[in-house]
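A short worksheet on the structure shown next.
The values are calculated or read from the model by the stated rules, or taken from the named source; none is laboratory data. Just so we're clear, the structure is a prediction, and the values are computed from it rather than from any experiment. Because the Cβ atoms are built from the backbone with ideal geometry, glycine has one as well, and the counts that use them run over all protein chains shown. Keep in mind that these areas ignore ligands, DNA and RNA; they rest on the heavy atoms of the full protein, side chains included. Shrake-Rupley method; radii C 1.70, N 1.55, O 1.52, S 1.80 Å.
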Amino acid sequence: MPSSLTMSRYTKSGATMLLLAGALAVSACKTTAPKELPPEPGPATTTTTPSQPIGPVPGSQADFVAKMMGADTIYFDTDKYDIDSMDQAALTRQAQWLMQYPGKRASIEGH
């Protein structure tokens, strides 16, 4: 069986060898700058053209709702037959939209 002095010597030399191996591994990872750098990027150019129109299809229900901006439905007050000036303006806008698309139908309902 080896003595404690011999074991201590093996432990120290093993630690030294491990330290040297680590230092060698780290020094091997050194990076150098390339001899020639890539060119600077030029100005950004976009040449994409939209293949489809942005937004709802003209003349569709979605187009009507988008153009009316919340004024697509007119409500009468309870037990009243007339409408206020804001609703009159909304009806005018709705009529103008319907004149652009004469093939469209409107629904007028009452309860």
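State which residue is least open to solvent (accessible area, probe 1.4 Å) when the search covers only the range 80-111 and only residues that are acidic (D, E) and at pLDDT 85 or above. The residue in question is D87.
If only residues of the range 67-85 that are within 37 Å of the chain's Cα centre (by Cα) and free of Cβ contacts under 8 Å to residues at least 24 places away in the same chain are counted, the one that is farthest from P56 (Cα to Cα) is I74. Would you confirm whether any residue within the range 46-66 is in contact with a Lys or Arg (Cβ under 7 Å, 6 or more places away or on another chain), surrounded by 10 or more Cβ atoms within 10 Å (Cβ to Cβ), closer than 30 Å to K104 by Cβ and modelled with pLDDT of 75 or more? Within the range 46-66, one or more residues are in contact with a Lys or Arg (Cβ under 7 Å, 6 or more places away or on another chain), surrounded by 10 or more Cβ atoms within 10 Å (Cβ to Cβ), closer than 30 Å to K104 by Cβ and modelled with pLDDT of 75 or more.
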